[in-house]
Amino acid sequence: MARAKAPRPKPPQSATRRLLGFCGLSFAAAAYVGIDYLRYLSPTWHERLQPVLWAALALAAAGRAPFYRHWDAELRAALPFLGSIVFMLSAFLCEAISVRFVSAVMGLQWHGSAAPLPDTGQWLLLALNEKLPGSVVNLLRAHVITLHHYLMLFMMLGFSVLFDCIKAPGLGISTRYMVTMAIGRLLRTATFITTILPSARPWCAAGRYQIPGHPHPWAQKYYVPYASDSHAIRWVIDNDMAYADVQSYPGEHRPDWGRMSFLVDILRPTPGEGSSWYHLLKKASGGCNDLMFSGHMFVSVLTAMAWTEAYGGWISVAIWLLVLHSAQREIRERHHYTVDCVVAIYVGILLWRMTRSTWSARDANRARRLAKLEEVQSRLIHAAKDSDIDEIRDLLKEVELAGREKKGFSQRAILAFAAATIMFTLTCVVLALTLTSDG
């Protein structure tokens, strides 16, 4: 009598949920960028669909949160996460002060008269405009994706940990993102503050700032006398000493900022810009000099690297194509020179690789099990030779326990932390998009 075939085993529920999560995350990311672009194609449909998408994403995250299995790992990652926030905000403060300094130190007259640098990347794009079909050129000019889109794409990637789309903890990859962002911003600040480059948009400073028209006293003494006279430049090189007389310039406005008065020489305030140093930093924005390297491109590269490592798939390829589109648009619209975008791309890639110790898509539990298995390998072989089933079972149990995460928090603490984390993150997203410029 022929034996009946055994029923085919069904895939585990977690694997099915993970597959659905993969498809859902790709669709959500594509839908977010596509629906937001409708603001240019059909504002009416954009107003209808965007609230629906945000409501669906928020409800999906809130509905899944109570069933998430790794809140204990998130709780252990909370302190490094909070530390990374402080580190990143400190880096942003240092960058904002430096942006204001390089924008104000040369004075408004220099901004209007300094010629932009020759940029072969800009020449290439202008040449392509003459060769490519009009539809292709219009696509290259289109504002498909901007800075806040990349930030929100990363937020979606982080929340996808609730659906097992990426490796837990989600706060781990967020910590890595912010640590890398902070390091990159500090490197960027050290780069653009050391050599001041003219903007590709000479009219920028006049429309954005109320800085003095004349140069800073430091520039009056060490730059202006030697800016164009080749004989003066050679004399300074040979003698390594500033020798020229300083011209007569108007005095500097010096408000009383109390303990922060040391910033007066750096920020160069004017009477019409208010009495608060913080107000000046809020208006610093992206500056009106060329800032090496592009901060927008750096953010986009970090987002693309995070998606590639943690998620992969066709949507990661699409995000990299959007990064390239953003780069050519930054150059085309002369927000940056080509070199700024090129440097931002390879610096972002290298820094993301360097901070792998903060979070990695590799399975650390599996690595611990393999290490434990290697440790007990000889004992396991001896137990197998002796047919000692109990010893084999105990050794395999040690291997399994080595790969498990330690749990040291009560269920009440985990639930409270889960609710606080979701509310804190959503609040930060709303504040970032409402109180700042373009996220």
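Listed here are the residues, each with its yes/no results for (1) over 23 Å from V102 (Cβ atoms); (2) open to solvent by 30 Å² or more (accessible area, probe 1.4 Å).
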position	(1), (2)
L267	no, no
K282	no, yes
S285	no, yes
M297	no, no
L302	yes, no
A327	no, no
L350	yes, yes
Exercise for review: Considering only residues that are small (G, A, S) and open to solvent by 40 Å² or more (accessible area, probe 1.4 Å), look in the stretch 165-207 and name the one that is modelled with the highest pLDDT.
Suggested key: A190
Check your understanding: Does the stretch 121-134 include one or more residues that are assigned to a loop (DSSP other than H, G, I, E, B) and either in contact (Cβ under 8 Å) with a residue 40 or more places away in the chain or buried (at least 21 other Cβ atoms within 10 Å of the Cβ) (or both)?
Key -> no
Exercise for review: Report yes if some residue within the stretch 329-336 is touching a Pro at 6+ places or on another chain (Cβ under 9 Å) and at pLDDT below 95; otherwise report no.
Suggested key: yes
Review point. For the stretch 1-79, which fully contained helices (runs of 4 or more DSSP H) count at least 2 residues that are at pLDDT below 80 and surrounded by 15 or more Cβ atoms within 10 Å (Cβ to Cβ)?
Key: 13-41
Point to revise | Lone qualifier among L415, L401 - being over 30 Å from H149 (Cβ atoms), modelled with pLDDT under 70 and assigned to a helix (DSSP H, G or I) | key: L401
Revision key, fill the gap. Of the conditions (1) modelled with pLDDT of 85 or more; (2) open to solvent by 40 Å² or more (accessible area, probe 1.4 Å), the single one that Y278 does not satisfy is (1)
Check your understanding: Name the residues in the stretch 308-326 that are in a helix (DSSP H, G or I), without any contact (Cβ under 8 Å) to a residue 60 or more places away in the chain and not acidic (D, E), would you?
Key -> T308, S316, V317, W320, L321, V323, L324
Exercise for review: Please enumerate the residues belonging to the stretch 101-114 that are touching a Phe, Trp or Tyr at 6+ places or on another chain (Cβ under 9 Å) and either in a helix (DSSP H, G or I) or acidic (D, E) (or both).
Suggested key: V102, S103, A104, L108, H111, G112
Point to revise | In the stretch 138-153, residue nearest to Y68 (Cα to Cα) [restricted to those that are open to solvent by less than 10 Å² (accessible area, probe 1.4 Å) and of a type in the set (A, V, I, L, M, F, W, C)] | key: L153
**Study point:** Test result for W307, within 30 Å of A31 (Cβ to Cβ) and modelled with pLDDT under 80
**Key:** no
Review point. What number of residues within the stretch 170-207 satisfy the criterion of being of a type in the set (F, W, Y) and assigned to a helix (DSSP H, G or I)?
Key: 2
Point to revise | Residue count for the stretch 118-166, restricted to those that are farther than 30 Å from L59 by Cα and within 16 Å of the chain's Cα centre (by Cα) | key: 0
Practice item. Give me a count of the residues in the stretch 254-271 that are assigned to a loop (DSSP other than H, G, I, E, B) and without any contact (Cβ under 8 Å) to a residue 40 or more places away in the chain. Key: 5
Practice item. Taking the residues in the stretch 208-232 that are assigned to a helix (DSSP H, G or I) and open to solvent by 70 Å² or more (accessible area, probe 1.4 Å) as candidates, determine which candidate is modelled with the lowest pLDDT. Key: R208
Review point. For S98, are the conditions met, namely being touching a residue at least 12 places away in the same chain (Cβ under 8 Å), of a type in the set (S, T, N, Q), within 30 Å of A318 (Cβ to Cβ) and in a helix (DSSP H, G or I)?
Key: no
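The values are calculated or read from the model by the stated rules, or taken from the named source; none is laboratory data. Note that this is a predicted model, so its numbers are computed, not measured. Every residue, glycine as well, gets a Cβ built from its backbone with ideal geometry; the counts of neighbours run over all protein chains shown. Surface areas here come from the heavy atoms of the whole protein model, side chains and all, with no ligands, DNA or RNA. Shrake-Rupley method; radii C 1.70, N 1.55, O 1.52, S 1.80 Å.
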